[in-house]
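Each value in this text was obtained by applying a stated rule to the coordinates, not by laboratory testing. Just so it is clear, the model here is predicted, and its values are computed rather than measured. Backbone-built Cβ (ideal geometry, glycine too); neighbour counts: all protein chains shown.
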Amino acid sequence: MKIDITFKSIPSSESLKAHIHEKFDRFDKILDYPAEAHVVLAEEKLRSIAEINFTCDKLKIHAKDEADEKNMYAAIDGLSEKVRIQIQKSKDKLRQHLAGNKHSIKDEFFDDTVAEPA
């Protein structure tokens with residue numbers, strides 16, 4: 001996974017970069033295609049804000065998380081959890097769509113019209 005990190009109004013930190021890579025590199029296991037992520041870390045007054053634009057094939061996720069008292073690690077953890085949930089929802093939706101046990105609306109319509117006259 002390719003991860004770009006932007007620090008906005010805070011100094012660059014290797015420990016924050018390592019924490020981001022640790023949290024987001026695990027998504028490679030559940031994704032089917034290579035992914036790209038652009039993470040923006042910012043601090044405003046007493047809040048730490050982590051924001052991500054995540055792209056993988058047809059899946060595009062934009063998420064944002066905030067933490068109080070300038071705790072950037074908590075914001076990154078919350079952000080990774082939000083992205084994980086959205087990836088899981090997308091995979092479940094795709095799995096249900098490709099399940100193959102669906103019937104079309106036309107089939108229901110023709111079954112109803114044939115059943116009424118008899």
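Things worth noting here:
- Couplings for region 34-41, taken from phi via the Karplus curve 6.51 cos²θ - 1.76 cosθ + 1.60 with θ = phi - 60°, read x, 10, 10, 9, 10, 10, 10, 10 Hz in order; Gly and Pro are left as x.
- Each residue of region 55-72 was assigned a 3J(HN,Hα) from its phi angle through the Karplus expression (A = 6.51, B = -1.76, C = 1.60, θ = phi - 60°), giving 10, 8, 6, 8, 8, 10, 10, 10, 9, 9, 9, 10, 9, 7, 6, 6, 9, 5 Hz with x at Gly and Pro.
- Once the Cβ-Cβ distance of Leu31 and Glu66 is raised to the sixth power relative to R0 = 22 Å, the FRET efficiency obtained is 0.30.
- Between His21 and Leu94, the contour length at 0.36 nm per residue exceeds the alpha carbon distance by 23.6 nm.
- Between Lys45 and Lys58, the modelled labels are 4.3 nm apart [label points 7 Å from Cα along Cα→Cβ].
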